[in-house]
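The values are calculated or read from the model by the stated rules, or taken from the named source; none is laboratory data. This one's a predicted model, so the numbers in the text were calculated from it and none came from an experiment. Here Cβ is always computed from backbone atoms with ideal geometry, including for glycine, and neighbour counts include all displayed protein chains.
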Amino acid sequence: MAPGAALLFPGAGSDSTHSSLLAIEHALAPMPVRRADFPYRREGRKAPDRAPKLLACVIEEAGLFAQQAHVAPKRLVLGGRSMGGRMCSLAVADGLPAAGLVLISYPLHPPGKPENLRVEHFPRLVVPCLFISGTRDPFGSPDELEHHTTTIDGPVTHVWVEGGRHDLKGQDDVIAATVAEWVASL
């Protein structure tokens, strides 16, 4: 079943007006796309809430958007940048229906702390996953990410932005075109 809509979340340090999320929305048109903020951003705070509150937001937004877009929840593509994509992947691993996950600059581990991996839920992911990451991202190298994503049951696609760091600055067009092509292939 082809995807019918996309719900995207920003990373911890930005909001739903992030340029790459806007570029993805434009590239996916006319597909309905919602760019959503987490509660802490809507409340004007800079520090992210704890994971349970972030996950509850993903689940709530996905349900509302699927209903408003008249799309079955399993036809939603979920994801976003860094923390936003990670929260979507956790929600899907815990049973939230999705057509696929778009994970831009997935934060595999905190910079300089490769022992603090954020992969415990990967074996529970059974949907197609697109990882777009920079080759110089301090949150996870290509080798690290490729190694750990082998535990994902669903099909995994990696796209590397040569020389890109975690922010993937100046790569919005590449990110948007990659996401649009991948979504169209589902």
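Structural remarks
- Any hit, the range 67-77, residues being β-branched (Val, Ile, Thr), out of contact with any strand residue (DSSP E or B) (no Cβ under 6 Å at 6 or more places or on another chain) and either at pLDDT below 95 or on the phi < 0 side of the Ramachandran plot (or both): no
- Qualifying residue in the range 41-58 (condition: touching an Asp or Glu at 6+ places or on another chain (Cβ under 6 Å) and modelled with pLDDT of 95 or more): yes
- The lone exception for Val77 - which of (1) more than 13 Å from the chain's Cα centre (by Cα); (2) of a type in the set (Val, Ile, Thr); (3) part of a strand (DSSP E or B) it fails: (1)
- Restricting the range 1-47 to residues that are part of a strand (DSSP E or B) and of a type in the set (Gly, Ala, Ser), the residue that is nearest to Val71 (Cα to Cα) is Ala5.
- Against the criterion of being part of a helix (DSSP H, G or I), at negative phi, touching a Gly at 6+ places or on another chain (Cβ under 6 Å) and not β-branched (Val, Ile, Thr), Cys57 does not qualify.
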